[in-house]
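Scroll down for the structure; my scribbles are underneath it.
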Amino acid sequence: MSDKIVASFVLDTFGLLCPMPIIKTAAKIQEMNRGEILKVLSDDPGVQEDMPAWCITSGNELLRIDEVGTEFHAYIRKLK
């Protein structure tokens, strides 16, 4: 996708496996204000399934997940 998303914060979870990227994401989202966007960097392929599921259960918006080589860049907007 060519649409650029400007993240308010970036969370590096490289080297962490499930469920740690989700746990770290949940903790960071708690510190943020409604409407801010978090970019989560991960090299765990499980993020592709785990992040959308977490966003649904937590009430936050998954804007998209980009696959960049062996990395995954997830963009989440805090809604609550």
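The values are calculated or read from the model by the stated rules, or taken from the named source; none is laboratory data. Because the structure is predicted, anything quoted here is derived from the model rather than measured. Neighbour counts are summed over all protein chains in view; Cβ atoms, including those assigned to glycine, are modelled from backbone coordinates with ideal geometry. What goes into the accessible areas is simple: the full protein's heavy atoms, side chains included, and nothing from ligands, DNA or RNA. Shrake-Rupley method; radii C 1.70, N 1.55, O 1.52, S 1.80 Å.
Of note:
- Within the stretch 38-53, restricting attention to residues that are open to solvent by 70 Å² or more (accessible area, probe 1.4 Å) and assigned to a helix (DSSP H, G or I), the residue that is farthest from residue 3 (Cα to Cα) is 49.
- When 69, 59, 15, 35 are screened for being of a type in the set (Gly, Ala, Ser) and open to solvent by less than 30 Å² (accessible area, probe 1.4 Å), only 59 passes.
- Restricting attention to the stretch 62-80, the residues that are under 11 Å from residue 37 (Cβ atoms) and of a type in the set (Phe, Trp, Tyr) add up to 1.
- So residue 24, is it out of contact with any Gly (no Cβ under 8 Å at 6 or more places or on another chain), surrounded by 13 or more Cβ atoms within 10 Å (Cβ to Cβ), in a strand (DSSP E or B) and among the charged types (D, E, K, R): no
- Among residues of the stretch 54-80, those that are assigned to a strand (DSSP E or B), over 9 Å from the mean Cα position of the chain (by Cα) and without any contact (Cβ under 8 Å) to a residue 24 or more places away in the chain, counted: 3
- Considering the conditions (1) out of contact with any helix residue (DSSP H, G or I) (no Cβ under 9 Å at 6 or more places or on another chain); (2) closer than 14 Å to residue 76 by Cα, residue 15 is excluded by exactly one of them, (2).
- Inter-residue pairs, beta-carbon under 9 Å, first closer than 18 Å to residue 62 by Cβ and in the stretch 2-17, second open to solvent by 80 Å² or more (accessible area, probe 1.4 Å), 6+ apart: 8/33; 9/31; 11/24; 13/24
- Tally, over the stretch 15-44, of residues that are touching a Lys or Arg at 6+ places or on another chain (Cβ under 9 Å) and of a type in the set (Val, Ile, Thr): 3
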